[in-house]
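Peer 1: Following this message is one structure expressed as structure tokens.
The values are calculated or read from the model by the stated rules, or taken from the named source; none is laboratory data. Because the structure is a prediction, the values reported are computed rather than measured. We place every Cβ from the backbone using ideal geometry, glycine too, and count neighbours over all the protein chains shown.
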Amino acid sequence: MTFAPANELTSTIKDFAAEIFDGAPPRWAMFPRWYRNGDALWLESSSGSRLLTVDFAAGVIRIAGWHVERTGCDPELPIPPEWQSLIRASQFHSDGSAVYPDDFDAAIALPVRG
């Protein structure tokens with residue numbers, strides 16, 4: 001299996017969302033959508049509802065307004081440092097070399113999910 005930091009990041013974000021939403025929708029029913037410039041991604045449910053947005057440029061996780069209203073949870077949370085490291089590890093130059101080699105090396109040392 002080939003390791004990709006962006007895939008690890010996506011799996012980590014889905015796990016986080018499953019915790020916040022108490023497992024509903026299930027992890028497999030969350031669809032990641034990346035902004036074209038890679039500055040942010042959001043998770044969408046199978047019904048098309050936006051669950052959360054991870055804004056790497058702003059350093060925050062934004063929880064869906066409907067969930068905030070229903071549960072009273074914080075609407076924004078800081079992005080964990082390990083997520084920032086994984087997003088940096090996912091950036092490459094046109095020649096294929098890592099933009100942030102230290103973050104890439106740390107990411108490839110992580111256990112691979114099966």
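Peer 1: Only one of Val60, Val54, Val68 is surrounded by 11 or more Cβ atoms within 10 Å (Cβ to Cβ), modelled with pLDDT of 90 or more and touching a Pro at 6+ places or on another chain (Cβ under 6 Å); which?
Peer 2: Just a single option satisfies the conditions, and that option is Val68.
Peer 1: Could I ask something else about it? In this structure, is Ala29 in contact with a strand residue (DSSP E or B) (Cβ under 8 Å, 6 or more places away or on another chain), more than 21 Å from Ala106 (Cα to Cα), among the aliphatic types (A, V, I, L, M) and at pLDDT 90 or above?
Peer 2: For Ala29, the condition - in contact with a strand residue (DSSP E or B) (Cβ under 8 Å, 6 or more places away or on another chain), more than 21 Å from Ala106 (Cα to Cα), among the aliphatic types (A, V, I, L, M) and at pLDDT 90 or above - is not met.
Peer 1: Continuing with the same structure: Restricting to the stretch 83-97, name every residue that is without any contact (Cβ under 8 Å) to a residue 24 or more places away in the chain and under 19 Å from the mean Cα position of the chain (by Cα).
Peer 2: Once the filter is applied, which keeps residues that are without any contact (Cβ under 8 Å) to a residue 24 or more places away in the chain and under 19 Å from the mean Cα position of the chain (by Cα), the stretch 83-97 yields Ser85, Arg88, Phe92.
Peer 1: Among the numbered criteria (1) without any contact (Cβ under 8 Å) to a residue 24 or more places away in the chain; (2) surrounded by 14 or more Cβ atoms within 10 Å (Cβ to Cβ); (3) farther than 20 Å from Asp103 by Cβ, which one does Trp28 miss?
Peer 2: It is condition (2) that Trp28 fails.
Peer 1: Separate question: Which one of these does Met30 not meet: (1) touching a helix residue (DSSP H, G or I) at 6+ places or on another chain (Cβ under 9 Å); (2) at positive phi?
Peer 2: Against the list (1) touching a helix residue (DSSP H, G or I) at 6+ places or on another chain (Cβ under 9 Å); (2) at positive phi, Met30 comes up short only on (2).
Peer 1: Where residues in the stretch 1-26 are of a type in the set (Gly, Ala, Ser) and in a loop (DSSP other than H, G, I, E, B), which of them is nearest to Leu110 (Cα to Cα)?
Peer 2: Looking at the filtered set, the residue picked out is Ala4.
Peer 1: For the stretch 37-51, state whether one or more residues are in a loop (DSSP other than H, G, I, E, B), hydroxyl-bearing (Ser, Thr, Tyr) and touching a helix residue (DSSP H, G or I) at 6+ places or on another chain (Cβ under 7 Å).
Peer 2: yes
Peer 1: Still on this structure, I have one more. Mind listing just one residue for me: the one in the stretch 38-66 that is out of contact with any strand residue (DSSP E or B) (no Cβ under 9 Å at 6 or more places or on another chain) and polar (S, T, N, Q) and, of those, nearest to Ala17 (Cα to Cα)?
Peer 2: It comes out as Ser49.
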